[in-house]
Amino acid sequence: MALKITVIGTGYLGATHAAAMAELGFEVLGLDVVPEKIEMLQRGEVPMYEPGLEELLRRHVAGIEGASGRLRFTTSYEEAGAFGDVHFICVNTPQKHGEYACDMSYVESAFDALAPHLTRPALVVGKSTVPVGSAARLAERLAAAAPAGAAVELAWNPEFLREGFAVQDTLHPDRIVVGVAGERGEELLREVYATPLAEGSPFIVMDYPTSELVKTSANSFLATKISFINAMAEVCEAADGDVVKLAEAIGHDERIGKKYLRAGIGFGGGCLPKDLRAFMARAGELGADQALTFLREIDSINMRRRGHMVELTREALGGGGFLGKRVAVLGATFKPDSDDVRDSPALNVAGQIHLQGGQVTVYDPKGMENARRVFPTLSYADTALDAVRGADVVLHLTEWREFRELDPATLGDVVAERRILDGRNALDAALWRKAGWTYRALGRPSA
Ligand code: UGA
């Protein structure tokens, strides 16, 4: 009989995973402790913007016309325990308030709430990003609390999906990493992932600690790549070089590669920044802090980009204060094709200028609602054109396609000054300059 799957925690990761499991043919029960989230999902609505996810969900949610009916939702752990053969834990592990370490309380409550309802053989699979050593500890806790005892196994199966590509990354993962302590875990996960395995996704089996480390080291490497190119941008600015050309040229070396070398205002979001910090904190606890001191530098290069963008804006406005100056900000999300503003460099820059007295107006294609919630004192416009009306300078801070398609001449007619700063190195400099704009970008020559 086909495996029955539960997905605990229906945020980005869980909602996508639940819909993907239903797409792969399994009966799926999604669980969240927030009833409003469950009600939305039951209606086939996704609580965030993620391309393709709502369509995927609506293809499977029970009660939606024409849907397979394989996907249902609940708030009851009792129901989840009775239903599932495989339980995926997908709750988040945010940064602790005032500390580098990550907050494990959601993971721990999920395990504690589920365990008493595991009365028959089952596999619990952790997907959340956790400090190394957590899986071994949670396995013991599970064995002690589950009525089925040793018949309940734990596996760790980190997730590598990118926001904006979550559906694609979940259905066609570039690798499946599995940390196990016994054979049953591997067997069941091979069954769960039979379709991507048949497509050729590599399946890499290892112990718990290695699987936990794979996730944090992958994100640390990605962050390092971005901060490397941003450090080169700083040097380019001092030497009058061009970081975009530099990245293109070094990227032809296959060992370096072209991807993830876009210089700009740096990385943000709910993963990279907090994962770096949690990794450093954990290495410290393990007595291996020296190995990761370089990540401190990666973090500070990254945070410096935001301040640098503010200073470039000040310079563009003549070098004085921001008081009375109108600044248009295009982009609020941490990256395009997402409505996520968590630790967004764009919103951070907008906020800094606003707090220094600038009149900042923000426009973002999908992130307005979330941005308003985080930063209600900024002004928001309904379109890019409205945002730039009367602006003394325009900042391009999230590289949405919509912004690349803007007509510099049309915008030029409504701004006070044709000045644009490209914080993402994504606009066509020649096009903007031809339309009479002063165009500047991070790490590139000014003219
Ligand atoms: C990241 C990883 O890419 C995923 O593999 C991982 O699964 C995920 O974190 C996670 O841990 O859950 P995500 O946060 O969605 O995914 O975003 P990325 O596409 O990695 O971008 C992160 C930030 O880096 C963005 O702010 C982006 O603008 C910035 N970035 C990216 C650059 O500044 N330059 C680049 O060349 C690439």
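Key figures for this structure:
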{"quantity": "All positions within the range 135-167 that are open to solvent by 40 Å² or more (accessible area, probe 1.4 Å) and closer than 14 Å to residue 12 by Cβ", "calculated": "160, 162, 165"}
{"quantity": "Selection status of residue 329, in the same structural domain as residue 379 (by TED's automatic domain parsing) and in contact with a strand residue (DSSP E or B) (Cβ under 7 Å, 6 or more places away or on another chain)", "calculated": "yes"}
{"quantity": "Search result, residues across the range 245-262 that are within 26 Å of the chain's Cα centre (by Cα) and of a type in the set (Val, Ile, Thr)", "calculated": "256"}
{"quantity": "Residue within the range 41-55 that is surrounded by fewer than 24 Cβ atoms within 10 Å (Cβ to Cβ), in contact (Cβ under 8 Å) with a residue 24 or more places away in the chain and of a type in the set (Val, Ile, Thr) present", "calculated": "yes"}
{"quantity": "Hey, residue 270 under 13 Å from residue 228 (Cβ atoms), within 12 Å of the ligand (Cβ to nearest atom) and either out of contact with any helix residue (DSSP H, G or I) (no Cβ under 6 Å at 6 or more places or on another chain) or not polar (S, T, N, Q) (or both) or not", "calculated": "no"}
{"quantity": "Test: residue in the range 8-17 that is under 19 Å from the mean Cα position of the chain (by Cα) and open to solvent by 40 Å² or more (accessible area, probe 1.4 Å)", "calculated": "no"}
{"quantity": "Flag if residue 261 is modelled with pLDDT of 95 or more and part of a helix (DSSP H, G or I)", "calculated": "no"}
{"quantity": "Filter result (more than 7 Å from the ligand (Cβ to nearest atom), in contact (Cβ under 8 Å) with a residue 40 or more places away in the chain and open to solvent by 70 Å² or more (accessible area, probe 1.4 Å)) within the range 240-267", "calculated": "240"}
{"quantity": "Helices (runs of 4 or more DSSP H) fully within the range 155-258 counting 2 or more residues that are of a type in the set (Gly, Ala, Ser)", "calculated": "194-199, 208-239, 243-251"}
{"quantity": "Single match in 379, 446 (criterion: open to solvent by 50 Å² or more (accessible area, probe 1.4 Å) and free of Cβ contacts under 8 Å to residues at least 12 places away in the same chain)", "calculated": "446"}
{"quantity": "Conditions (1) open to solvent by less than 20 Å² (accessible area, probe 1.4 Å); (2) at pLDDT below 95; (3) farther than 20 Å from residue 94 by Cβ; number of the one not met by residue 289", "calculated": "(1)"}
{"quantity": "Any hit, the range 170-183, residues being without any contact (Cβ under 8 Å) to a residue 12 or more places away in the chain, within 16 Å of the ligand (Cβ to nearest atom) and open to solvent by 60 Å² or more (accessible area, probe 1.4 Å)", "calculated": "no"}
{"quantity": "Flag for residue 362 being more than 16 Å from the ligand (Cβ to nearest atom), of a type in the set (A, V, I, L, M) and touching a residue at least 60 places away in the same chain (Cβ under 8 Å)", "calculated": "no"}
{"quantity": "The one condition in (1) in a helix (DSSP H, G or I); (2) within 22 Å of the chain's Cα centre (by Cα) that residue 343 fails to fulfil", "calculated": "(1)"}
{"quantity": "Top-ranked residue in the range 218-239 [being touching a residue at least 40 places away in the same chain (Cβ under 8 Å) and over 18 Å from residue 424 (Cα atoms); ranked as farthest from the ligand (Cβ to nearest atom)]", "calculated": "220"}
{"quantity": "Any hit, the range 69-76, residues being farther than 30 Å from residue 365 by Cβ, open to solvent by less than 30 Å² (accessible area, probe 1.4 Å), in contact (Cβ under 8 Å) with a residue 12 or more places away in the chain and under 24 Å from the mean Cα position of the chain (by Cα)", "calculated": "no"}
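The values are calculated or read from the model by the stated rules, or taken from the named source; none is laboratory data. A quick note: this is a predicted structure, and the numbers were derived from the prediction, not measured. Ideal geometry is used to build each Cβ from the backbone, glycine not excepted, and the neighbour counts take in all protein chains shown. To get the accessible areas, we keep the full protein, side chains included, count just its heavy atoms, and leave off ligands, DNA and RNA. Shrake-Rupley method; radii C 1.70, N 1.55, O 1.52, S 1.80 Å.
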